[in-house]
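Below is one structure, written out as structure tokens, with a few remarks after it.
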Amino acid sequence: MTAGIGSDLERAAAHLRAGELVAIPTETVYGLAANALDADASLRIFEAKERPAFDPLIVHVRSRAQALELCETPSAEALALMDAFWPGPLTLVLTKRAAIPDMVTSGLDTVALRQPAHPLTAELLARLSFPLAAPSANLFGRTSPTTAQHVAEQLGDRIAYILDGGTCAVGVESTILGWEERRLVLYRPGGTPLEAIERIFGHVGAAQRRVLPAAPGMLAAHYAPRTPLELRELGELDARLAGLAGRRVAVLAFDRARPAHACRVLSARGDPAEAAHRLFSSLRELDASGADLILAEPVPEVGLGRAINDRLRRAAAARSGQA
């Protein structure tokens, strides 16, 4: 049976209370939600997404007060980050309390928490007595969904309901921060620009490399379309495209179109925020264009450009055998 799509908050809440899966809109991408305090319900997320059990989930809370019920006493820096950026696209990795099942955190002693800013999901969380575990609502490793229809295309026959909140405003996943040896570190660039964080909190360090992820969204190969994707530097893309004359090559460009089998320009005015908003929908369109290969160029490494380039690198790694 295909999941219904609509804006019925009480229907969504009822499914979640029953331990079922509901896709929810956030300002970043659509999430696949279940009761974060119910290990069996959270297991269904891994099953529906075909997600490996070692990749932890983000827990979405209705308020800072609810977050504090789920983690051990956070540092003053963590509280200040909540004050500055919640609700919004920032996830904090904090020491968890026993209420959070190990299934949700993949056995880690930390939990990734964020308060989403989307008004429909904020209202849904206000109606529930529990937080929601919710990674992106797509098959594992595939392009993240930014509309309800994107969710239906991949997971429509695996979940109970899709709460339709329109197109996601930000378009890339949340930024994830944590602490290593008491230093603030970046686990994943995302919807909160690193510059905005560093203006308030100073330098944010790089996370140590691990065999297994310390936080959601850290796997090297991820966010990939079905069509092979190559990431080429600005000067290399045109030469590579010329060398593939006669092939069905699609191009994902930052601010200038190229003659190709298909081309999508992320922002004609060179705006990284607009580019982030269009990233995943453009990848989906190129994936459906019948191309044999997608060539993508990086965007300037500022603001949301860091998050865009991070997703493009991982999409390319998924097709080159890296992990």
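The values are calculated or read from the model by the stated rules, or taken from the named source; none is laboratory data. Note that this is a predicted model, so its numbers are computed, not measured. Because the Cβ atoms are built from the backbone with ideal geometry, glycine has one as well, and the counts that use them run over all protein chains shown.
Tabulated results
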item: Members of the range 271-309 found to be assigned to a helix (DSSP H, G or I), crowded, with 22+ Cβ neighbours inside 10 Å, of a type in the set (A, V, I, L, M) and under 17 Å from the mean Cα position of the chain (by Cα), listed by number; result: A275, A276, L279, L283, A307, I308
item: Residue within the range 100-111 that is assigned by TED's automatic domain parsing to the domain that holds A196, among the small types (G, A, S) and modelled with pLDDT of 95 or more present; result: no
item: The range 19-38, subset part of a loop (DSSP other than H, G, I, E, B) and either in contact with a strand residue (DSSP E or B) (Cβ under 8 Å, 6 or more places away or on another chain) or free of Cβ contacts under 8 Å to residues at least 24 places away in the same chain (or both), residue surrounded by the fewest Cβ atoms within 10 Å (Cβ to Cβ); result: G19
item: Residues satisfying the stated conditions in the range 256-288, i.e. polar (S, T, N, Q) and either in contact (Cβ under 8 Å) with a residue 40 or more places away in the chain or more than 18 Å from E230 (Cβ to Cβ) (or both); result: S267, S281
item: Only listed residue being in contact (Cβ under 8 Å) with a residue 12 or more places away in the chain, under 16 Å from V151 (Cβ atoms) and surrounded by 15 or more Cβ atoms within 10 Å (Cβ to Cβ), chosen from A78, A41, A13, A48; result: A48
item: Criterion (modelled with pLDDT of 95 or more and either touching a Cys at 6+ places or on another chain (Cβ under 9 Å) or under 19 Å from V172 (Cα atoms) (or both)) met by exactly one of L70, L16, L21, L57; result: L57
item: Condition broken by A268, with the remaining ones in (1) among the aliphatic types (A, V, I, L, M); (2) in a loop (DSSP other than H, G, I, E, B); (3) buried (at least 22 other Cβ atoms within 10 Å of the Cβ) satisfied; result: (3)
item: Condition broken by G235, with the remaining ones in (1) assigned to a helix (DSSP H, G or I); (2) in contact with a Leu (Cβ under 8 Å, 6 or more places away or on another chain) satisfied; result: (2)
item: Failed criterion for R127 (all others in (1) of a type in the set (K, R); (2) within 18 Å of H15 (Cβ to Cβ); (3) surrounded by 24 or more Cβ atoms within 10 Å (Cβ to Cβ) hold); result: (3)
item: Considering residues of the range 172-184 that are over 23 Å from S144 (Cβ atoms) and part of a strand (DSSP E or B) only, the residue farthest from the chain's Cα centre (by Cα); result: R183
